[in-house]
Amino acid sequence: MGRLKVNKNPNLTIFLGIFILIMIVISCTFANAIAPFSPIEQNPVDRLKSPNLTHLMGTDQFGRDVFSRVLYGGRRTLVAALLATVVNTLLGTALGLIAGYYHGKLVDRIIMRIVDCLVAFPFIVLAMIITSLFGTGLVHLLIAIAIVWWIPFARLSRSVTLKYKEEPEILAAKVAGASDVIIMIRELLPRIFSPAFILATFKLGSLILSMSALSFFGLGAKPPTPEWGSMLSDSKAYFFQAPYLIIGICIFIFFTVLSLNLIGEGLRDKLDPFEIIEI
Amino acid sequence: MSLRNKSIVSKLVETGVTLLLATLVLFIIINLAPGDPIRILLGTPEVASVNNQVYQEKYQELREAYHLDDSILVQYVAWMKNVLRFNLGDSFYTNQPVIIELGKRMPATLLLTIPAIIIQLTLGIGLGIISALKHNKTIDNLIRLFCVFLSSLPGFAISLMLLYLFAVRLKLYEISHTVSLMRLYLPTITLGIISSPALIRVVRSNMLEELGKQYTAFAIARGVKKRAVIRGALKNIMLPIMTLAAHSSVNLIGGSVIIESIFSWPGIGKYALDSILLRDYPVVQGYGFLMICIVIAINLLVELGYIFIDPRLKRPERKIRWGG
């Protein structure tokens, strides 16, 4: 009977995800060529226009074109989210690797204790507390993210390490006199790479969602820099008058996160390296 | 002492340590924050409109009263002692004890989250199992599409759209600040639905894995009824599902902040968010403490559940034979 296939055609899923992601990244990177209007120039005559052919996503309370602002804003949001994810992936993987390699030793116990203790904070609550105490803004939001976002990576890399560290190749390397550092970097790290990469694509998506939620409540980036989060919190007051302001940004967020989820799912189903729990 | 009792004791001790450490982290974060709490409490000398001498004296007096010149560990112990006497400090804005302010809003939150958790678990486990049993059929594809779609949209966006649809377009939902059953259904259902996809996905993959194992194949080959095979597989994935259900309930509690604010449901989540925007630190601290306790309690319940379900831990220790 064999193992049941989770997904019939993972290649198609991955391709679709990469396609959407590339479209979004290109349109945000070349925003100055694509965007029809300036993202900061105010035009009071055209304020709060609903979507039409000139303004694809309507205009905001200052008459600025929402579509152009979303394109420009995407740069900042995507770069911030990507940076946070990369840092947390590296940090979490390294700590998990060390904890797994020295399983049961003091280092492992300390790292796992920190994990246990940070897991007790619901992320959104922790982020709210930090941004409220240290001041709102993208940097503080990223600090709040950095405190907890490495945990899933640490857990994943620890369990992968535990799974492989008793394998014959690794024992052989040890007998041949390889140092712990060499074994960790040359033997174990490559095995962690693909599950960590898949987890990172999922986490990048959920990071963008969390950032947008926190910004929506006024805890993220500050206006006037166009950034998806700050645009969301600006548009909140006009929601019942002009729901399209929020819908426009959400469409972009949706497609970005969707593409990342598709890539992650496709890769997981294709490679199936290790069970990845993305809760 | 049986193995079970031993495990229970060690779990309790571990939980106690985690609780202490987590509250210590919370305490340190709050103490690292810039700004002098006494100045916030008193206002700056100009605002307080008293002469400098009196202000300085009062300032010193309060600093001593709040133990602000002691080391952080001493302060933590003092705070913990107060917490154990159910004293979480007073709100800066209403001057009411934080615990009373939180307690007043707790029923509304429970009314919202408990049915939401039930909806989430029913959807998560139910759809996850259906999806696994009908894998790669139309219904499975629909469920997976639903999951991908929901987990790619921000929760607040879904809530706002539903609010707009029900309140503005259909006029079925009343926008106000009161607690009533007529205002409960929309936030509860929304919260339950938006937090279900992760659970559905994990239940599905666990179930698929179990159904692909050799014992299932053997059972089918032997002619065991389909229903019995499914029941057997379900029993085996109960433990992982319990953990995941607990994790996702924790996520749901975090998500309730968003839902409460959008639907202006007067629970503790909305209160905490409002207090954050008003910089009412004691309330923020109290809320953080409460959340940590809830999360740790949920995790403890799951761990204890594990111990009670696991049959290997039933017998007294000495009779256990591992292997041959």
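The values are calculated or read from the model by the stated rules, or taken from the named source; none is laboratory data. The structure displayed is predicted, hence computed values, not measured ones. Note: ideal-geometry Cβ built from the backbone for every residue, glycine included; neighbour counts use all protein chains shown.
Scanning the range B:261-291 for residues that are touching a helix residue (DSSP H, G or I) at 6+ places or on another chain (Cβ under 6 Å) and outside any helix (DSSP H, G or I) yields B:Phe263, B:Trp265, B:Pro266, B:Gly267.
The number of residues in the range B:27-63 that are within 14 Å of chain A (Cβ to nearest Cβ) and at pLDDT 75 or above comes to 6.
For the range A:119-147, a residue qualifies if it is crowded, with 20+ Cβ neighbours inside 10 Å and among the aromatic types (Phe, Trp, Tyr), and the qualifying residues are A:Phe121, A:Phe123. Selection over the range B:133-160 of residues that are farther than 14 Å from B:Ser264 by Cβ, more than 8 Å from chain A (Cβ to nearest Cβ), not in a loop (DSSP other than H, G, I, E, B) and not aromatic (Phe, Trp, Tyr) gives a count of 12. Cβ separations smaller than 9 Å between residues 6+ apart or across chains give the following pairs from the range A:4-27 residues that are farther than 12 Å from A:Gly264 by Cβ to residues that are modelled with pLDDT of 90 or more and surrounded by fewer than 18 Cβ atoms within 10 Å (Cβ to Cβ): A:Ile20/A:Phe255; A:Met23/A:Phe255; A:Ile24/A:Phe255. Name the residues in the range B:271-291 that are surrounded by fewer than 23 Cβ atoms within 10 Å (Cβ to Cβ), of a type in the set (A, V, I, L, M) and in contact (Cβ under 8 Å) with a residue 40 or more places away in the chain, would you? B:Leu278, B:Leu290 - these are the residues of the range B:271-291 that are surrounded by fewer than 23 Cβ atoms within 10 Å (Cβ to Cβ), of a type in the set (A, V, I, L, M) and in contact (Cβ under 8 Å) with a residue 40 or more places away in the chain. Per this entry, B:Thr188 is counted among residues that are touching a Pro at 6+ places or on another chain (Cβ under 7 Å) and either outside the structural domain of B:Arg204 (by TED's automatic domain parsing) or touching a residue at least 60 places away in the same chain (Cβ under 8 Å) (or both).
Among the residues of the range A:237-267, those identified as part of a helix (DSSP H, G or I) and more than 9 Å from every other protein chain (Cβ to nearest Cβ) are A:Ala237, A:Tyr238, A:Tyr244, A:Leu245, A:Gly248, A:Ile251, A:Phe252, A:Ile263, A:Gly264, A:Gly266, A:Leu267.
Selection of the range B:255-270 for residues being surrounded by fewer than 23 Cβ atoms within 10 Å (Cβ to Cβ) and within 8 Å of chain A (Cβ to nearest Cβ) yields only B:Ser261.
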